[in-house]
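See structure below.
The values are calculated or read from the model by the stated rules, or taken from the named source; none is laboratory data. Owing to the predicted nature of the structure, the values given are computational and were not obtained by experimental measurement. Cβ placement follows ideal geometry from the backbone for every residue including glycine, while neighbour counts extend to all protein chains displayed. With ligands, DNA and RNA removed, areas are computed over all heavy atoms of the protein, side chains included. Shrake-Rupley method; radii C 1.70, N 1.55, O 1.52, S 1.80 Å.
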Amino acid sequence: MKNSTRDILIAALAMAAAGTLPAAGFQPPPGSYRTSWLGNSFPGDGGPNGFGYWVQNGADEIEVSPDGTVIAGTDWDEAGRCVGLYKDGQVNRGLVKREGGRETAWGWNTGNRALAVDGTNLFVANTGQRLLRFTWTPGELDSAKFAEEFEMPGQAVGLAARAGTLAVAYTNRVELRRATGFVALSSVPVSGVSDVALAPDGAVWVIASNAVRRVVEAGTAGQDAARDATNPALLRAPVSLCPEVAKSTAISFAPDGRLIVCDDGADQQVKFYDVSQPQPRLIGEFGEKGGLAAAGGSVSPRRLFALRGAGTDTAGNLYVAMGFSGGPQGNLFLRSFTPAGELRWELHSAAFVDGYGFDADSDGRWIYGRTTIWEMDYAQSKPGKEATLRAISLDPVTTPPEDWRRKDAGTALFRQIGGRPTLLMMNMLACGFRFYPFARDSRFARPGGQFLAENAWAWDVEPEGTLWWGDAPGRQIRRLPFGDWQPDGSIAYATNRSETWPWPDDFDRVTRVLYDPKGDMLFLWGYPKGTPEESWGVIGFEARRYDGWRHGKRALRWRAAMPVNATGSEKGGPLTGKSVARAGDYLFVGMVKADGPGQHYVHIYSQATGDYVGSLSPDPKVVGEGVGWIDMVMGVQAHRRQDGEYLVLVEEDWRGKNLLYRWKPGAKD
């Protein structure tokens, strides 16, 4: 088959891009650099796809085995850890998998919203309406082996197991089944169910419409469905047996029979009940009252937040899972405490399809994520040790469930706008910014309006908040100065003072824009006339620098062909980069895909000349192989520190973190 004109043009542009590189291909930049990371307790090393060390993207719930293993379940982890096992601060290397057969859920069929443990059996109710049983050796994190599978009548929202009995919760009922053969015992109609637990005496407890209820009494699990269904106590309006809990998100039972309830309301605590009598009695609370919310976002071990689950082991140690949703956008924070309340260990995953951003005014000391604030210590030389989590910026109590940061992911930028420190968020499809100004007396960022436009990819933000929109309607480049903060806390841009310029005549499309206000330089990326677009949302084949864009005599300083993933497009042709950033004397271009193991590149270009300088790629000894895929338009952020070191943050979805490159152009290896 003959090549089309489109393919020939793309190939020619790819060759032109390759011609800007040294004969030997991509090279490290001058000086020295090293790879680090932040956003996950583990670097993601430990093996190829299906193996390795990282904390999963989120958890809908957790179960705790008597030996102190935490089993965390989610419907999606990018690299497939939908069932994670954690013990003594460690994580399983080999993923829990049901291989072979028809795929019914993400993560080797283990994507789930409900799981349970009973002795040597792990049960996973996956999102494909299958109950999977795995055998394991309690306490051995890599011992899980698939045993059998059963079809389920619906999507389970909760699962509990004890002494060979399963309680399966659906939104409108709870089924009791034998673990052996998944044989039905009874079914209890209960509306609004979100979690279920089996007490040591055999009673079945649920969360239904936010009420904690006992729906099957001890010793009655084998009743037939008709008899259970006519129980008047189950059919009346739900009244919580735990009135001290304002917002119940998870329930479980301790080995000693105490009922454990996660209260994600104003108290932000784990609460313990004696259920030996018909009316449960509150006998204990764990966590500072008000948790993180009462402290304005500043973290400490006993300030809990966004509670997803809790449980204890036979030694009395407590395990708590926190996250803003059950899915990967919610993040995951796991903590273990002694019976005396002292922290034993903690783990976190605080990035999904997320890019972090620098506070330039702090010289990179502070880094902001979608929900997190990190303090950096660049004197630390061991990879992964520079970052310390100092605050959570999303108020777990007052932020509504529909807030964008709870249910989506994106790149975080930090700017001082109109005298207010502000978090700016952009999602994977760009389309503008959502603004979250920080409260003056806390570390919480509150919703503050948005500036959005469909199918718009080219954006930049000056230090004081002025927006640049490179692909504005009418083939225009638009500059929008900040106007004011409104009485309701939302931002307003002075559209009546906006400036506009037409695209260069020989551009078919502008895809990215960066502006240097000090030098009055504008950098554009895109597609010259007659150049076909090879994919959506990428930067295009050419970059340009214009001098004197606003104030001087405008002049084109240089043009440079951009690098490509040689066979990265859907049709196997060249694919241009995804993200661009500017810092100091250089431009940084992040590629969508890796060219091979350890070959995901961020290419560096001189701002002065447009010449290729070198390429950053992850050290497999630090973060493992297979790293690298940028989904975000602003998935690369860069900052030059006062001592001349360049910091480059790179989105790394695969195993839930951001890469951090530390480059010293003048240093020797």
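Which percent of Cα-Cα pairs in segment 530-608 sits in each 10 Å bin, short to long? The percentages, shortest bin first, are 17, 43, 29, 9, 1.
Starting from the alpha-carbon convex hull of segment 332-456, give the projected area averaged over all orientations, in nm².
Numbers: hull surface 39.3 nm².
About 9.8 nm², averaged over all directions.
Rounded to the nearest 10 degrees, what's the angle between the helix 5-18 long axis and the longest principal axis of the chain, both from Cα atoms, 0 to 90? Compared with the principal axis, the helix lies near 80 degrees.
As an equivalent ellipsoid, segment 96-164 spans semi-axes of 18, 15, 9 angstrom, where each value is the square root of five times an eigenvalue of the C-alpha gyration tensor, largest first. Of the whole protein surface, Phe150 contributes about 40 Å² of accessible area at a 1.4 Å probe radius. Rounded to the nearest angstrom and listed largest first, the equivalent-ellipsoid semi-axes of segment 247-360 from its Cα gyration tensor are 27, 14, 14. For segment 474-631, with all protein chains in place and a probe radius of 1.4 Å, 46% of the accessible heavy-atom surface sits on carbon or sulfur.
The listed residues Trp345, Trp205 rank as Trp345, Trp205 when sorted by accessible area, largest first, using a 1.4 Å probe.
Each residue was assigned an accessible area with a 1.4 Å probe, and for Asp88 the value is about 90 Å². Stokes-Einstein diffusion of segment 423-480 at 10 °C, 1.306 mPa s viscosity, Kirkwood radius from Cα pairs, rounded to a whole number: 129 µm²/s.
Dividing the alpha-carbon radius of gyration of segment 494-632 by 2.2 N^0.38 Å (N being the number of residues), what value is obtained?
Working: Rg = 16.2 Å, N = 139, 2.2 N^0.38 = 14.3 Å.
That ratio works out to 1.13.
When every alpha-carbon pair in segment 571-622 is counted, what percent end up more than 17 Å apart?
Working: 544 of 1326 pairs.
Looking at segment 571-622, the distances longer than 17 Å represent 41 percent of pairs.
Its alpha carbons considered, the chain gives a radius of gyration followed by a Dmax of 27.0, 87 Å. My understanding is that a pair violates if its Cα-Cα distance is over 19 Å; which of Lys97/Lys593; Lys621/Lys657; Lys593/Lys657; Lys97/Lys145 do that in this structure? Among Lys97/Lys593; Lys621/Lys657; Lys593/Lys657; Lys97/Lys145, the Cα-Cα distance tops 19 Å for Lys97/Lys593. Heavy-atom accessible area with a 1.4 Å probe sorts Thr567, Thr422, Thr120, largest first, into Thr567, Thr120, Thr422.
Solvent-accessible area per residue for the chain at a 1.4 Å probe radius, Å²?
Details: 25260 Å² over 669 residues.
Dividing the accessible area of the chain by its residue count gives 38 Å².
Within segment 329-431, the trypsin sites (Lys or Arg not before Pro) that combine a DSSP coil assignment with at most 13 other C-beta atoms in a 10 angstrom radius are Lys385. Annotation note: trypsin sites (Lys or Arg not before Pro) in segment 607-669 located in DSSP loop regions with a Cβ neighbour count of at most 16 within 10 Å are Lys668. Tell me whether segment 33-95 comes out rounded, prolate or oblate; compute the Cα gyration tensor, take square roots of the eigenvalues as a ≥ b ≥ c, and use a/c under 1.5 as the rounded threshold. The shape class here is prolate.
So, counting K/R as plus one and D/E as minus one, what does the shell of residues with Cβ under 15 Å around Ser276 add up to? Net of charged neighbours comes to -1.
Karplus-based coupling profile of segment 54-71, in residue order and whole Hz: 6, 7, 4, 5, x, 8, 6, 7, 10, 10, 10, 7, x, 7, x, 8, 8, 10, with θ = phi - 60° in 6.51 cos²θ - 1.76 cosθ + 1.60 and x standing for Gly or Pro.
By the rule of a C-alpha distance below 23 Å, with chain neighbours fewer than 8 residues away ignored, the lysines paired with Lys529 are Lys571, Lys578.
Between Asn455 and Lys289, the modelled label-to-label distance comes to 5.7 nm, taking each label 7 Å out from Cα in the direction of the beta carbon. For segment 569-606, backbone nitrogen atoms closer than 16 Å to the point 7 Å from Gln27 Cα along Cα-to-C-beta are found at 603-606.
Building the convex hull from the alpha-carbon atoms of segment 520-576 and averaging its projection over directions returns 4.4 nm².
Sorting Leu304, Leu452 by accessible area puts them as Leu452, Leu304; the probe is 1.4 Å, largest comes first, and only protein heavy atoms count.
Let me have the 222 nm mean residue ellipticity of the chain computed from DSSP H runs of 4+ only, each contributing -39500 (n - 2.57), with the sum over all residues rounded to the nearest 500.
Numbers: 7 runs with 39 residues, N = 669.
Helix contribution divided over all residues of the chain: -1000 deg cm²/dmol.
The magnitude of the dipole of segment 463-530, with charges of +1 and -1 set on the Cβ of Lys/Arg and Asp/Glu and taken from the Cα centre, is near 160 debye. With N as its number of residues, segment 20-144 has a Cα radius of gyration that, divided by 2.2 N^0.38 Å, comes to 1.30. Of the GluC sites (Glu not before Pro) found in segment 263-355, those that fall in a DSSP loop while having at most 15 other beta-carbon atoms within 10 Å are Glu342.
Taken over segment 385-469, the convex hull of the Cα atoms encloses 127 Å³ per residue.
Using bins of 5 Å that start at zero, the share of Cα-Cα pairs per bin across segment 343-384 amounts to 5, 17, 23, 24, 20, 8, 2, 0, in whole %.
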